[in-house]
Structure formats: structure tokens, C-alpha cells
């Protein structure tokens, strides 16, 4: 599975800076327990998501997350020790040197185990909460739907890959506007009832037209 806070680079968009504004690897496969513990925590997930837009200082992140600088600094240290973020540049501000942090990779690849075992459920739960908070009379784009299909697991996996590609395309949109939109999509097994096979209803003969 992949952490889809990652986005493709949009250096080719005229008049706009690249996203993010620092070099980074395209992907990193998580292989250590400390990387899983570091990434799959709510505040640290928010941090790595914000760092896809641009490099940021502890103060920048504290303002965005509305959290104390000490708290954000602790989470950055955990992410840095796990090799998920790094200092990408520094800037002298009066007598102090400001550190700007960035991700080490655009996309983090992980297995659904340990702290990541319930990631799909957490994503859908978070999205449901955010959607419920949107005013019913909003004039901003809002759309949600669900469909069900009884298909082989192989086809479900193909649809899952197509969903991932669409999510990455959405996440790669050039930054602009005043509102951050969410895009949630998922494919998952259910326990919904299904119809019996045609002409195999117990104790019933096939219907015939007169």
C-alpha cells in the first residue's frame, strides 16, 4: 500500500513553483518498525502531508496544525529519526538559524501490518467525519456516492489500482484557491446479501410467460 499524501511533480506548470519546493526521492518502502510507528500517528501524518506542499519550519507547522512548537518539534524528531523527513535547507534569521524540513520521499510504500493494519478504516472514518462537518447549504463542490458489485477478487484488485492512479492525479493538482478539498475513494469486501443464481431458487420452477 502507499501513503497517498504523495503527489507527482508539477514543475511544468507555467508560472508556478514545483510541488514541493525541494528535491526528494520518488518513493520509499518502509522496512523498519520505527518507520511504521513514526508515520502512522495522526499529527505526524498531518506533518508529512503538509510537507508535500513546501518545506516548512517547526513554527510554520505549529501555526498550520494549531499545536505548540514543542509538540511539533517532538513529532519532527520522531519522523527524522525514522528517515521520513530531513532538513532540506536552513536560513539565518537574526541570530538564529531556521531549519526547513521536507519529506525524504514523495510516496511512502508500506505493508498493511502493525500500526498500518487499520489504515483503510481510519481513512474512511476520518473522511466521514469531515464530510459530516460540511454545512448542508454549502455552495462549494460536494459529492459522495457508493455502488456495489459482486466481482472476482482479481477484478477488485484492478479497480483498486485504478483508484490509486486517480487519487495520485488529484493529489498532483497545482496548488491554488483558498479551500483544501478531500478526495476519498475505496474498494472493500462487504457482507451484503446477494441474489441466488438464476433458475436455482430452492423449490421454485423457472417462471414462464403464458
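The values are calculated or read from the model by the stated rules, or taken from the named source; none is laboratory data. Source: prediction; values computed, not measured. As a convention, Cβ positions derive from the backbone with ideal geometry for all residues, glycine included, and neighbour counts pool all protein chains shown.
Close Cβ contacts (under 9 Å, 6 or more residues apart or on different chains) running from residues in region 121-143 that are free of Cβ contacts under 8 Å to residues at least 60 places away in the same chain to residues that are assigned to a helix (DSSP H, G or I) and surrounded by 11 or more Cβ atoms within 10 Å (Cβ to Cβ) comprise 142/131. Of all residues in region 46-57, count the ones that are buried (at least 20 other Cβ atoms within 10 Å of the Cβ) and part of a helix (DSSP H, G or I). Final tally of qualifying residues: 2.
Of all the residues in region 129-146, those that are in contact with a helix residue (DSSP H, G or I) (Cβ under 9 Å, 6 or more places away or on another chain) and surrounded by 10 or more Cβ atoms within 10 Å (Cβ to Cβ) number 1. Restricting 112, 99 to residues that are touching a helix residue (DSSP H, G or I) at 6+ places or on another chain (Cβ under 8 Å), in contact (Cβ under 8 Å) with a residue 12 or more places away in the chain and either outside any loop (DSSP other than H, G, I, E, B) or surrounded by 12 or more Cβ atoms within 10 Å (Cβ to Cβ) (or both) narrows the list to 99.
Condition check for residue 97 on (1) at pLDDT below 95; (2) over 23 Å from residue 173 (Cβ atoms); (3) out of contact with any strand residue (DSSP E or B) (no Cβ under 7 Å at 6 or more places or on another chain): one failure, at (3).
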